[in-house]
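The values are calculated or read from the model by the stated rules, or taken from the named source; none is laboratory data. Being a predicted model, the structure only gives us computed values, none of them experimental. As a convention, Cβ positions derive from the backbone with ideal geometry for all residues, glycine included, and neighbour counts pool all protein chains shown.
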Amino acid sequence: MPIDPTLPYDETNIFARILRGEIPNKTVYEDEHVLAFHDIAPQAPTHILVIPKGAYVSWDDFSERASEGEIAAFIRAVGRIAREAGLVEPGYRLLANTGVHAGQEVPHLHVHIFAGRPLGPMLAR
Ligand code: 5GP
């Protein structure tokens, strides 16, 4: 079920539990502000999720409330993860579902990195 982005942060969401170490993950990258891991149900040969360690529901919440340091760390980490995975050539796609119409299912900000094959049109037709 898509989440309601107006609800407060839910400490029991699956990515909060991953951040607390309660659920295992296949970590790709970690620093003070950011964790990245492989998606459990990959939709492309490479499908990585990048999340901030802070409690942010969505891109909307993060862009409004996060500090400059958290935002810079997050954006740089997304680029670095893709670069170090060798995805810059031939390319990759970033996706951040936000709210009901986007079908956001986990109420903790995550950016999807998709790569590894031609990814087709931007939206399903
Ligand atoms: P959304 O639809 O919210 O943009 O994407 C949520 C993503 O989280 C989905 O691609 C889903 O496969 C992934 N996901 C859900 N639960 C888990 C989990 O427990 N571990 C990992 N690694 N990914 C998960």
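Can you name the residue in the stretch 38-64 that is touching a residue at least 40 places away in the same chain (Cβ under 8 Å) and more than 24 Å from Asp4 (Cα to Cα) and is also nearest to the ligand (Cβ to nearest atom) among such residues?
If we filter the stretch 38-64 for residues that are touching a residue at least 40 places away in the same chain (Cβ under 8 Å), which is where we start, we get 39, 43-52, 55-62.
Going one step further and asking which of them are more than 24 Å from Asp4 (Cα to Cα), we end up with 44-47.
Values: Ala44: 11, Pro45: 14, Thr46: 13, His47: 7 Å.
Looking at the filtered set, the residue picked out is His47.
Of all the residues that make up the stretch 1-37, how many are closer than 20 Å to Ile71 by Cβ and more than 13 Å from the ligand (Cβ to nearest atom)?
Result for the stretch 1-37: 7.
Condition first: of a type in the set (Gly, Ala, Ser) and within 16 Å of the ligand (Cβ to nearest atom). Now tell me which residues in the stretch 86-121 satisfy that. Before the answer, list the steps.
Within the stretch 86-121, the first condition is being of a type in the set (Gly, Ala, Ser), and the residues that meet it are 86, 91, 96, 99, 102-103, 115-116, 120.
Correct list: Ala96, Gly99, Ala102, Gly103, Ala115, Gly116.
Within the stretch 22-72, how many residues turn out to be part of a helix (DSSP H, G or I), surrounded by fewer than 18 Cβ atoms within 10 Å (Cβ to Cβ) and not charged (D, E, K, R)? Walk me through how you get there before you give the answer.
In the first step, residues of the stretch 22-72 are kept if they are part of a helix (DSSP H, G or I); the result is 59-65, 68-72.
Those left that are additionally surrounded by fewer than 18 Cβ atoms within 10 Å (Cβ to Cβ): 60, 63-65, 68-69, 71-72.
Among the residues that remain, those that are also not charged (D, E, K, R) are: 63, 69, 71-72.
So the count comes out to 4.
Quick check: is even one residue across the stretch 6-15 modelled with pLDDT under 95 and not polar (S, T, N, Q)? Working first, answer last.
So the first thing to find is which residues in the stretch 6-15 are modelled with pLDDT under 95, and the list is 6-8.
Narrowing the set further to residues that are not polar (S, T, N, Q) leaves 7-8.
Within the stretch 6-15, one or more residues are modelled with pLDDT under 95 and not polar (S, T, N, Q).
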